[in-house]
Amino acid sequence: VQAVGTAFSVKIQTPERIEVLVDDGRVLIGMHEQSAVAFDHRESINNLDDHSLIVMKGSRLILDTKSETLEELEPEDMTAQLSWRSGNIIFRGESLDAAVAEIGRYTPVEFVFLDPKLKQLRVAGLFKAGDVSGFLSTLEANFNILSERDDNEKIFLSSASVQGVDVLSE
């Protein structure tokens with residue numbers, strides 16, 4: 001990834017999945033042959049393969065081992081995606097599984113779902129990055145999700161029960 005007069009964000013979600021978000025300007029993205037990686041930025045453009053592309057302002061490129069997806073984002077989506085720059089995390093209908101993964105990027109705490117159905121819940125809201133207590137309070141107040149922390153920095157998430165009946169059961 002090479003900036004070409006720009007502001008952008010690179011998020012490595014896993015070693016197999018990388019997201020590049022261009023806030024301003026444009027970004028040149030391509031692959032180097034492993035032996036051709038150059039530390040001199042003037043040479044690095046010349047060493048990119050023929051499959052390189054330019055990503056423009058307001059776009060997101062998601063690269064994984066099987067595909068690449070280029071999409072234009074609405075300004076409010078861009079704001080939500082870049083909210084971490086001001087210490088916030090904004091969710092706009094993401095799954096609880098994705099929200100927990102994002103919250104987990106800012107804390108050493110590991111979240112464990114005791115009820116797999118919880119992963120599919122959709123959440124929205126603004127949270128402070130790293131504020132696990134605030135996040136858990138919101139889950140309990142709005143979704144009846146209980147949390148229990150152990151000594152090893154694990155937080156177990158489960159459905160609250162009402163008179164012995166699982167709140168999320170069908």
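The values are calculated or read from the model by the stated rules, or taken from the named source; none is laboratory data. Please read these numbers as outputs of a predicted model, since none were measured by experiment. No Cβ is skipped: glycine too gets one built from the backbone with ideal geometry, and neighbour counts run over all protein chains shown. Areas reflect the complete protein model, heavy atoms only, side chains present, ligands, DNA and RNA absent. Shrake-Rupley method; radii C 1.70, N 1.55, O 1.52, S 1.80 Å.
A few remarks follow.
- Among residues of the stretch 80-98 that are under 17 Å from VAL10 (Cα atoms), those with a beta-carbon under 7 Å from a residue that is part of a helix (DSSP H, G or I) at least six positions away or on a different chain give the pairs ILE89/SER83; ILE89/GLU102; ILE89/ILE103.
- Search result, residues across the stretch 82-97 that are crowded, with 16+ Cβ neighbours inside 10 Å and part of a strand (DSSP E or B): ILE89, ILE90, PHE91, GLU94
Every residue, every condition in (1) β-branched (Val, Ile, Thr); (2) at pLDDT below 90, yes or no:
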{"position": "VAL4", "(1), (2)": "yes, yes"}
{"position": "MET31", "(1), (2)": "no, yes"}
{"position": "PHE39", "(1), (2)": "no, yes"}
{"position": "MET56", "(1), (2)": "no, yes"}
{"position": "GLU74", "(1), (2)": "no, no"}
{"position": "MET78", "(1), (2)": "no, no"}
{"position": "ILE90", "(1), (2)": "yes, no"}
{"position": "SER95", "(1), (2)": "no, no"}
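- Any hit, the stretch 137-145, residues being in a strand (DSSP E or B), farther than 21 Å from VAL10 by Cα and among the aliphatic types (A, V, I, L, M): yes
- The residues in the stretch 53-81 that are loosely packed, with under 13 Cβ neighbours inside 10 Å and polar (S, T, N, Q) can be counted, and the count is 3.
- Yes/no for GLU71 being assigned to a strand (DSSP E or B) and over 12 Å from the mean Cα position of the chain (by Cα): yes
- When each of VAL123, VAL100 is tested for being assigned to a helix (DSSP H, G or I), aliphatic (A, V, I, L, M) and either open to solvent by less than 30 Å² (accessible area, probe 1.4 Å) or at pLDDT 95 or above (or both), the lone residue that passes is VAL100.
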